[in-house]
1. In segment B:218-231, what residues are more than 13 Å from B:Leu173 (Cα to Cα) and more than 10 Å from the chain's Cα centre (by Cα)?
2. Here is a check on your reading of the model: is B:Ile219 part of a helix (DSSP H, G or I), modelled with pLDDT of 95 or more and of a type in the set (Val, Ile, Thr)?
3. Which residues, taken from segment A:201-219, are among the hydrophobic types (A, V, I, L, M, F, W, C) and either under 21 Å from A:Gly98 (Cβ atoms) or in contact (Cβ under 8 Å) with a residue 40 or more places away in the chain (or both)?
4. Kindly indicate whether any position in segment B:187-206 is part of a helix (DSSP H, G or I), open to solvent by less than 10 Å² (accessible area, probe 1.4 Å) and facing another protein chain (nearest Cβ under 9 Å).
5. Report, by residue number, each residue of segment B:141-165 that is of a type outside the set (S, T, N, Q), more than 10 Å from chain A (Cβ to nearest Cβ) and open to solvent by 10 Å² or more (accessible area, probe 1.4 Å).
6. Inside segment A:24-37, can you point out the residues that are out of contact with any strand residue (DSSP E or B) (no Cβ under 6 Å at 6 or more places or on another chain) and free of Cβ contacts under 8 Å to residues at least 40 places away in the same chain?
7. Restricting to segment A:20-41, count the residues that are in contact with a Gly (Cβ under 7 Å, 6 or more places away or on another chain) and farther than 17 Å from A:Leu233 by Cβ.
8. Just wondering, is there one or more residues in segment B:253-271 that are under 15 Å from A:Gly209 (Cα atoms), within 20 Å of the chain's Cα centre (by Cα), crowded, with 24+ Cβ neighbours inside 10 Å and among the aliphatic types (A, V, I, L, M)?
Number of protein chains: 2
Amino acid sequence: MRRRKTRPVRLGGVTVGGDAPVSVQSMTNTDTRDAAATGEQIRRLVEAGCEIVRVAVPDREAALALPEIRRGATIPLVADIHFDHRLALAAIEAGVDGLRINPGNIGGGDRVAAVVKAAAAKNIPIRIGVNAGSLEKDLLRDGAPTSAAMVESALRHVHILENMGFYDIKISLKASDVPLMANAYRMLADKVDYPFHVGVTEAGTIFSGSIKSAVGIGILLWEGIGDTVRVSLTGDPVQEVRAAYEILKSLGLRRKGVELISCPTCARTQIDLVRIAGQVEERLAGLDTPLKVAVMGCVVNGPGEARHADVGVAGGRGEGLIFRKGRVIRKVPESLLLTELMKEIDNLINGGDRDEGFGNAGADSAGSPGGG
Amino acid sequence: MRRRKTRPVRLGGVTVGGDAPVSVQSMTNTDTRDAAATGEQIRRLVEAGCEIVRVAVPDREAALALPEIRRGATIPLVADIHFDHRLALAAIEAGVDGLRINPGNIGGGDRVAAVVKAAAAKNIPIRIGVNAGSLEKDLLRDGAPTSAAMVESALRHVHILENMGFYDIKISLKASDVPLMANAYRMLADKVDYPFHVGVTEAGTIFSGSIKSAVGIGILLWEGIGDTVRVSLTGDPVQEVRAAYEILKSLGLRRKGVELISCPTCARTQIDLVRIAGQVEERLAGLDTPLKVAVMGCVVNGPGEARHADVGVAGGRGEGLIFRKGRVIRKVPESLLLTELMKEIDNLINGGDRDEGFGNAGADSAGSPGGG
C-alpha cells in the first residue's frame, strides 16, 4: 500500500495530499439558506470527526448565508457550485476555504478568469468534480459514460485552470458504478499529480451505500490512491463520516476510537456475544482515542485474536476471561463481563499506564501489510 | 478484473471455482444440537440468497443432529470441525457436502488418513481454514501472525492432503486485519490453483463489520481473487448474506434484486429523498430479479444517472419525473412519486415488455470496467 505522490493543497488548516493523512469529509443536506440548521449539522459532523465540510450553493440566497455558516464552522468550508460564476465569486467573498466547481461549465473565458483570479488571491483551491452522470455529451460513447471519458473531461477542466496559471487543484471522478469510477481514478493517477477526492456517488442507503463505498474507496486506497474521502449516503451525513472512518481504519490509514474485533458467533458460542459487542460499540461510540477491543465467543480463535487487542474478552460457558495486552487479568461470570470489560477500558484510557496501553495499540494496527 | 483461474470443486449442487459465479455463504449461529432451530435459520438464510451454509460441530451431540439438518436444508451443508477426527467421520457419515477442517490439527497420520479416505469416497471437498488467530506457534514472528506465516500454514495442510492424493480442496486465510488477510490471499494465489473462500474474520457488528468486510473482500475480488465469500458479522447471519450480495453487486459479479442508486441529498434536494429511497429499498427487499432503480433528488446529476437505470425518479420542487430506460414517462406530484415508481417497477417485472426491461439492465451492470 504505497501511497501515490501528490502535490499538497491547503484548505484552511487542513492539508489534502502530500504527506497529510487521508482526510474525511462530508456534505450538509440541510437547506444552505438556513444558516442555523446548516451550522448545527456541521457541528454534529465535526463531533463525528468530519474534517472538511461542503455545502451546496444553488442560489444567491444560499450564497448570502455563507458568511454566517463560515463564522460558525470550526473546519474548512467548501462551496459546491454549478454553472453560475457569480455564486462562486460570492462564496469566495464570503470566506469559504475551497470551491467545487467545474470551470468548463461556467460559460466562457471572462467568467472563468474572474473566478480563478479571485480564488488565487485568497489561496482557495478548486476541486474539479467530474460525475459520470453529467459528462459532456461529446464524450459519451453510445450515450454512456466510460472511464476514459471521465478522465478526458477532468483533463479539459484541468487545462483551463493550468492555462491561467492556477494549480491549486483537487480532482474527483465519481460514478455510481464502482468499476467505472475505480478505473477512471487509476487512469488519471498516471497523468496528473493533483490530490484526489475519492468517492462513489449516489451509492444508496446507509446499508447498501456504505458497502458500495467501502468497496470502491477501499480498492483505491489499497492501491495508494486517494487523499480525501467522502462516503455519499442517502441519510444523515453523520453516518457518512462514521462509514469513512471505518473504511480508513480497516486499512490502518486512520486510527480513531474503538476498533471492535468481534466474532460472528456460532454453535460454539456460550455467551451472549451479540449483546455484549453491541453494547461495547454503543458505549464507546464517542471515543476518539484509538483502542482495539476484542469480544470473542469461544476458545478456538478467541484467545489468539484477543491477544493482539488492547483489551478483550473471550467467553466460555456462562463466564469469560478478561485479557489485557495478551495477559489474562481474571475470569468473571457472564453477568459481569461487560462491566469488567468497561472497567478495564476505563483503566486503559484514564489509568496510570497509558504508555503501555496506547503505544502498543499503535504498533498493532499500523497498517503495514503482514503486521497486525 | 480478470478472475484468477482455479480448479473447480463441487459441494452438492454448487460449484466453487472454475467458471462458476462467486458464491455466497454463511454460517448458522444457532446451537447445532438444536436441529429445528438450525433448520429454521438455514431456511431464512436460503430465502436471503445463501448458497452454501456451514454449521459448527463442536461435539458428538451436534454431529448427531447433522442428518436431520441435512435432510431439511435445500443448499449444500458444510460441517466446521476443530481437532476431533471422529466428529469429521460422523459428519461425513451424516451426509454433509463439505468439511472445514485443518488436517494438521487432528492428530497424526492414521486419523487424517481415515478422514481423507472417507471424504474421498463421498466426493466431499475439504476446506483448509487458516485463521491468523490460531496459527501454529512455530510460525509466529515475535508472537504475531504474518501473511507469509498464514500462507505457510495453509501449505502445510495442503501438503498433508496432496500426499494422500486428495486434491478436492478449498482454502481460506482469514484475519481480522484487512492488509494481513489480503496480502496472504495474494501470496497464496501465486502458489496454488485451489479455489479460495474469502472473508475477514471477527469483522465486528453489522455496521462496522460490513464495511471492513467490503474493503477486504472487495480488494481481493477486484484483483480477481475469490471463488466463494463469507461476510462474518456479530449479528443475524441473514445480514451476512445481504452484505455479501451488496459487495458482489457493487463489482458487477452477481446480480440480485434491486440496485438502488440514490443521491446523498443536499441543499438542492426539493423532495423527501431519504424517505422515498428507504421505502423503495424496503418494498423491494425480497426481489430476486435484478433491477437498477434510481432515486435522485435534483436536476444536476439526477437525470444523467437515472438514464442508465431501468427505472428512476428525479425530483424537482414538490414534484418529480418518472424515467424508464432513459425516457421520461410523466411528471407526478411528490405525494404520488413512490406509488407511481412502484407501479412502473411492477410493470417492468410483471409486464409484457420484460425483454426490454431486463436485457438492458444486464448490459448496464455487467461489470466491464468503463461500461456502466
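1. B:Gly218, B:Ile219, B:Leu221, B:Trp222, B:Glu223, B:Gly224
2. On the way: part of a helix (DSSP H, G or I): yes; modelled with pLDDT of 95 or more: yes; of a type in the set (Val, Ile, Thr): yes.
It is true that B:Ile219 is part of a helix (DSSP H, G or I), modelled with pLDDT of 95 or more and of a type in the set (Val, Ile, Thr).
3. First pass over segment A:201-219, keeping only residues among the hydrophobic types (A, V, I, L, M, F, W, C): A:203, A:206-207, A:211, A:214-215, A:217, A:219.
Across segment A:201-219, the qualifying residues are A:Ile217, A:Ile219.
4. Restricting attention to segment B:187-206, the residues satisfying the condition of being part of a helix (DSSP H, G or I) are B:187-189, B:206.
Remaining after also requiring open to solvent by less than 10 Å² (accessible area, probe 1.4 Å): B:188.
Keeping just the survivors that are facing another protein chain (nearest Cβ under 9 Å) gives none.
Within segment B:187-206, none of the residues are part of a helix (DSSP H, G or I), open to solvent by less than 10 Å² (accessible area, probe 1.4 Å) and facing another protein chain (nearest Cβ under 9 Å).
5. Within segment B:141-165, B:Asp142, B:Glu152, B:Leu155, B:Arg156, B:His159, B:Ile160, B:Glu162, B:Met164, B:Gly165 qualify.
6. The answer is A:Thr30, A:Asp31, A:Arg33, A:Asp34, A:Ala35, A:Ala36, A:Ala37.
7. If we filter segment A:20-41 for residues that are in contact with a Gly (Cβ under 7 Å, 6 or more places away or on another chain), which is where we start, we get A:22, A:24, A:39.
Subsequent filtering for residues that are farther than 17 Å from A:Leu233 by Cβ retains A:22, A:39.
Count: 2.
8. Within segment B:253-271, one or more residues are under 15 Å from A:Gly209 (Cα atoms), within 20 Å of the chain's Cα centre (by Cα), crowded, with 24+ Cβ neighbours inside 10 Å and among the aliphatic types (A, V, I, L, M).
The values are calculated or read from the model by the stated rules, or taken from the named source; none is laboratory data. All values derive from a computational prediction rather than experimental measurement. Glycine gets a Cβ as well: all are built from the backbone with ideal geometry, and neighbour counts include every protein chain shown. In case anyone asks, the SASA skips ligands and DNA or RNA and just uses the protein heavy atoms, side chains included. Shrake-Rupley method; radii C 1.70, N 1.55, O 1.52, S 1.80 Å.
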